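What follows is one structure encoded as structure tokens, with my remarks underneath.
The values are calculated or read from the model by the stated rules, or taken from the named source; none is laboratory data. Note that the structure is a prediction, hence the values are computed from the model and not measured. Every residue, glycine as well, gets a Cβ built from its backbone with ideal geometry; the counts of neighbours run over all protein chains shown.
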Amino acid sequence: MSLTAGDDIGRDVGRDLGPYIGRYIGRFAPSPTGPLHAGSLVAALASWLDARAHQGRWLVRIEDVDLPRCVPGADHIILAQLAACGLHPDAPPVYQSQRGALYQRALDQLIAAGHAYPCGCTRADIAQANAALGLSKPRHGELVYPGTCRPANGGLRGKPARAWRLQVPDAPADHINWHDQRLGPQSQHVAQAVGDFVVKRADGLWAYQLAVVVDDAAQSITDIVRGEDLCDNTPRQILLQRWLRLPTPRYLHTPLVLAEDGQKLSKQNGAEALDLSDPLRALEAAGAALGLHVIAPTVGAWLTQAMARWTLLAKDRTGNLA
Ligand SMILES: [Zn+2]
């Protein structure tokens, strides 16, 4: 298996899962930018446990849509790390880099419905337009796109198209409200928080938000269990689901494992790759982050016990296991 092999897999997975539609299908969707670290194993384990607790299926999707950030071979390392921890997907993994035709179809649909428009702005253009409006870049935040190229504002005005953006509803009442199974009721005004966001990038690559939404629907994902760092992406994804007439899955965002400096664990702040020589210790640490304090002699026994505990937690959360 490699980043270029198996291009028929992506097309077939949605069809193969036909008999499971209406039942639980979960997924773990790592970016192959490096090996799994302690934080990413927590998300992998939680999504696996939740799928197994619901007697559902668990899929792995390699999110290599941002090819320049991907590290060749990291997909193999991630799959080997998962296997060492006893986390085996129920179908061969799909690769986002091979699914561009699906994303293009979705973009065409958004354009035809008047929900997406071309944008000719550079980052400097956006910063300048925001400055003219008296807005500055929030700390750690992305620039909110000021809507310069919206059709109602005159469109491209002769600039070449660079990216495609979603025209986000911006009336005061246009909040996306949703429920997270751990965090409870959530709400975001997408226009104020991020503005018209990019669905196809200026460098021609597909934006993460569009690819995730298209793939979750194509793979009939019913439940998304992932790290809390992705929580504020959820309203953008729900908006895309609505406009593409796709179902909205259930969401559960898991606690983050923080580095000693209190920041999110990442390769930038020295998160170490998981040690494959001792998967049991890695599972114990990931379980502890999820409130599962399980000690067992083998990986298999550990997973069985952890699943029993997770099932009780899931019943507490929902009152039943649908
Ligand atoms: Zn623009």
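Some points to look at:
- Identity of the residue in segment 44-80, within 25 Å of THR222 (Cβ to Cβ) and among the acidic types (Asp, Glu), that ends up surrounded by the most Cβ atoms within 10 Å (Cβ to Cβ): ASP50
- Pairs are defined by a Cβ separation below 8 Å, a sequence spacing of at least 6 or placement on different chains, a first member in segment 109-125 that is more than 13 Å from PRO146 (Cβ to Cβ), and a second member that is in a strand (DSSP E or B) and away from the ligand (no atom under 12 Å from the Cβ); the pairs so defined are LEU110/ALA116; LEU110/LEU166; LEU110/VAL199; HIS115/LEU166; ALA116/LEU166; ALA116/VAL199.
- Condition broken by VAL168, with the remaining ones in (1) outside any loop (DSSP other than H, G, I, E, B); (2) at pLDDT 95 or above; (3) crowded, with 19+ Cβ neighbours inside 10 Å satisfied: (1)
- Within segment 188-204, restricting attention to residues that are in contact (Cβ under 8 Å) with a residue 40 or more places away in the chain and among the small types (Gly, Ala, Ser), the residue that is nearest to LEU313 (Cα to Cα) is ALA193.
- Scope segment 25-43; condition polar (S, T, N, Q) and crowded, with 21+ Cβ neighbours inside 10 Å; matching residues: SER40
- When GLN181, GLN219 are checked against the criterion of being more than 27 Å from VAL65 (Cα to Cα), out of contact with any Pro (no Cβ under 9 Å at 6 or more places or on another chain) and more than 12 Å from the ligand (Cβ to nearest atom), GLN181 stands alone in meeting it.
- Restricting LEU252, LEU244, LEU230 to those that are more than 15 Å from the chain's Cα centre (by Cα) and of a type outside the set (Phe, Trp, Tyr) reduces the list to LEU244.
- Filter pass, GLN128 being polar (S, T, N, Q) and either loosely packed, with under 14 Cβ neighbours inside 10 Å or without any contact (Cβ under 8 Å) to a residue 60 or more places away in the chain (or both): yes
- Residue list for segment 143-157, filter: free of Cβ contacts under 8 Å to residues at least 40 places away in the same chain and more than 12 Å from the ligand (Cβ to nearest atom): ALA152
- Taking the numbered list (1) in a helix (DSSP H, G or I); (2) buried (at least 19 other Cβ atoms within 10 Å of the Cβ) in turn, ALA83 passes all entries but (2).
- Residue satisfying all of: in segment 112-129; in a strand (DSSP E or B) and more than 7 Å from the ligand (Cβ to nearest atom); nearest to the chain's Cα centre (by Cα) among these: ALA116
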